[in-house]
1. If you check Asn39 against the conditions, is it surrounded by 16 or more Cβ atoms within 10 Å (Cβ to Cβ) and over 20 Å from Ile79 (Cβ atoms)?
2. Kindly provide the set of residues from the range 140-149 that are crowded, with 19+ Cβ neighbours inside 10 Å and either at pLDDT below 95 or polar (S, T, N, Q) (or both), ordered by number.
3. Going through the range 157-170 one residue at a time, which ones are open to solvent by 40 Å² or more (accessible area, probe 1.4 Å) and under 19 Å from Gly217 (Cα atoms)?
4. Within the range 195-209, take every residue that is within 17 Å of the chain's Cα centre (by Cα) and without any contact (Cβ under 8 Å) to a residue 40 or more places away in the chain and give me the one that is surrounded by the most Cβ atoms within 10 Å (Cβ to Cβ).
5. Can you name the strands (runs of 3 or more DSSP E) wholly within the range 123-241 that have at least 2 residues being under 27 Å from Ala77 (Cα atoms)?
6. Can you tell me which residue is surrounded by the most Cβ atoms within 10 Å (Cβ to Cβ) among those in the range 78-125 that are modelled with pLDDT under 95 and among the aliphatic types (A, V, I, L, M)?
7. Quick one: would you say Ala183 is in contact (Cβ under 8 Å) with a residue 12 or more places away in the chain, open to solvent by 10 Å² or more (accessible area, probe 1.4 Å) and more than 20 Å from Ala95 (Cα to Cα)?
8. Which pairs turn up if I take residues in the range 225-246 that are surrounded by fewer than 10 Cβ atoms within 10 Å (Cβ to Cβ) and of a type in the set (S, T, N, Q) and look for partners that are at pLDDT 95 or above and in a strand (DSSP E or B) with beta carbon separation below 9 Å, at least 6 apart in sequence or on another chain?
Amino acid sequence: NSNSLVNQGSGVINGGVEMTGSNNSVTLFTGSVISGALNMGTNTNSLLTLDGAGTSLFSSAITGTTTFAGGLTKQGAGIWTIDRTLNASSVTISAGTLELANATGSALGSNTSVSASSGATLLVSQSNQVNNNATVTLSGGTITRGSGVSEVFGDLNLTQASFLDFGTGTAGNLTFGTYAPSALLTINNFAPGNTLVFGSDLRSTINNTSLFQFSGGFTSAWNDGNSTFTITAIPEPSTYVAAIALLALMLWPLRHRLCGKVS
């Protein structure tokens, strides 16, 4: 009932792979190729592991269709990009970066959970890539938002200090379900126009710097009507002070000219 396949970095399988067991295991290293379809069956006990130190597109590693419904694990220092729909039931990012680049649909629309360990990153490069109800567990890991991306997740859990990175470029929003702060959540690149939404009332903890740290200024509000706590990025107060000082400096010569005319 158990079949196992490991395709090393330079490994090329000319043709498809069909596994008839119920607990199938496949490990793909960056640079490896299955020139055809991969059928691992529909048993949720199967495991697909993406490994290696390089970079790989999933559509290049498996050129045909993928039949799979088990757990997806990302390990190794490399970057794997899921650029097509993959019906993984759970996603574990142990190391490196798992990028979600699927422009025609959700890369992980069927998953029920996502976890990222210390030093590991989930990079969401297109909007609507993850199941909206997928529980997220960060154990020192990072979720990074691509330019213009908005994404909805399920409940958020932290087991140790972790990170949300809003990236650069066009603003967007990240939305989570319930969240009970238990460790430091650092929000980086929180520039004006970005929003962070939770399904829990965080009014009593949002200003606790041991639980939340923002790279920029913000304002927050709880909405009783839809039970959402929205954090909106705004310019830092120092930005306003600098703008006022600059405006005063620009108006100073005009004041002198007007005073001279009055005299």
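The values are calculated or read from the model by the stated rules, or taken from the named source; none is laboratory data. Fair warning: this is a prediction, and the values are worked out from it, not measured in the lab. A quick note on method: Cβ atoms are made from the backbone with ideal geometry, for glycine too, and the neighbour counts reach across all protein chains shown. Areas reflect the complete protein model, heavy atoms only, side chains present, ligands, DNA and RNA absent. Shrake-Rupley method; radii C 1.70, N 1.55, O 1.52, S 1.80 Å.
1. On the way: surrounded by 16 or more Cβ atoms within 10 Å (Cβ to Cβ): yes; over 20 Å from Ile79 (Cβ atoms): yes.
Spelling it out, Asn39 is indeed surrounded by 16 or more Cβ atoms within 10 Å (Cβ to Cβ) and over 20 Å from Ile79 (Cβ atoms).
2. Passing the criteria: Thr142, Thr144.
3. Of everything in the range 157-170, those that are open to solvent by 40 Å² or more (accessible area, probe 1.4 Å) and under 19 Å from Gly217 (Cα atoms) turn out to be Phe163, Thr168, Gly169, Thr170.
4. The selected residue is Leu196.
5. Values: elements: 135-139, 142-145, 156-160, 162-165, 173-175, 185-188, 195-198, 212-214, 217-223, 228-234.
It comes to 135-139, 142-145, 156-160, 162-165, 185-188.
6. Ala101
7. Working: in contact (Cβ under 8 Å) with a residue 12 or more places away in the chain: yes; open to solvent by 10 Å² or more (accessible area, probe 1.4 Å): yes; more than 20 Å from Ala95 (Cα to Cα): yes.
Yes.
8. These pairs meet every condition: Ser238/Gly217.
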